[in-house]
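Read through the structure below, which is laid out as structure tokens, and then see the notes.
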Amino acid sequence: QSYYAQYETTLNQYEINFYDWDGTLLQSTWYNYGEYPEYTGETPTREADAQYTYSFTGWNPQLDWVSGAQSYYAQYETTLNQYEINFYDWDGTLLQSEWINYGEWPTYYNSDPWREADAQYTYTFTGWSPQLDWVSGNQAYYAQYESTLNKYEINFYNWDGTLLQSSMVNYGE
């Protein structure tokens with residue numbers, strides 16, 4: 001009489017983990033050898049920051065048939081954020097508006113703003129407020145002017161038209 005060994009087979013199972021970009025475990029599932037893993041949670045998202053907006057593009061490494069324990073990590077495409085940069089004159093008139101990439105330097109492309117003199121002052125452009133800085137968000141810049149008090153020539157004449165006195169006097173004196 002012959003005796004034969006009998007074996008019971010058990011299919012091996014392996015732990016498959018899905019992680020977000022920051023290492024947060026999103027899903028952990030045991031799969032049989034040879035099965036194809038599937039992420040069943042909500043599509044991973046990554047909150048935008050000042051520099052980038054993120055879009056989920058898939059897993060790294062690329063999903064493959066189960067042959068051992070495996071970890072997959074969410075991958076995101078980055079889009080550089082742009083911000084609206086506006087330059088205004090002293091009276092609120094918009095002089096220039098454009099969208100500029102995060103991290104770039106804003107540039108005013110026209111000639112310096114000009115403010116017409118009035119009876120009291122002559123104005124000279126001195127720069128922008130706030131001071132220009134690398135783009136990190138929407139920003140408004142306002143033209144700044146130095147004012148110089150106008151002087152006027154004051155003449156005193158005699159009855160016959162002869163100049164008696166001439167002097168330069170500040171506006172309002």
Qualifying residue in region 135-152 (condition: open to solvent by 70 Å² or more (accessible area, probe 1.4 Å), modelled with pLDDT under 95 and either over 43 Å from the mean Cα position of the chain (by Cα) or within 23 Å of GLN51 (Cβ to Cβ) (or both)): yes
Identity of the residue in region 107-132, touching a strand residue (DSSP E or B) at 6+ places or on another chain (Cβ under 8 Å) and free of Cβ contacts under 8 Å to residues at least 12 places away in the same chain, that ends up least open to solvent (accessible area, probe 1.4 Å): PRO130
Given (1) of a type in the set (A, V, I, L, M, F, W, C); (2) over 30 Å from TYR52 (Cβ atoms); (3) loosely packed, with under 12 Cβ neighbours inside 10 Å, number of the condition TRP90 does not satisfy: (3)
Test: residue in region 78-86 that is surrounded by fewer than 16 Cβ atoms within 10 Å (Cβ to Cβ) and assigned to a loop (DSSP other than H, G, I, E, B): no
Any chance TYR14 is open to solvent by 50 Å² or more (accessible area, probe 1.4 Å), assigned to a loop (DSSP other than H, G, I, E, B) and among the aromatic types (Phe, Trp, Tyr): no
Whichever residue in region 153-165 is open to solvent by 60 Å² or more (accessible area, probe 1.4 Å) and either among the β-branched types (Val, Ile, Thr) or assigned to a strand (DSSP E or B) (or both) and, among such residues, is farthest from ALA117 (Cα to Cα): THR162
Matching residues, region 22-48, being in a loop (DSSP other than H, G, I, E, B) and either among the hydrophobic types (A, V, I, L, M, F, W, C) or open to solvent by less than 70 Å² (accessible area, probe 1.4 Å) (or both): GLY23, THR24, GLY34, PRO37, TYR39, GLY41, PRO44, ARG46, ALA48
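The values are calculated or read from the model by the stated rules, or taken from the named source; none is laboratory data. Remember, it's a predicted structure, so these values are computed and weren't measured experimentally. A quick note on method: Cβ atoms are made from the backbone with ideal geometry, for glycine too, and the neighbour counts reach across all protein chains shown. For accessibility, only protein heavy atoms count, side chains too; no ligands or nucleic acids. Shrake-Rupley method; radii C 1.70, N 1.55, O 1.52, S 1.80 Å.
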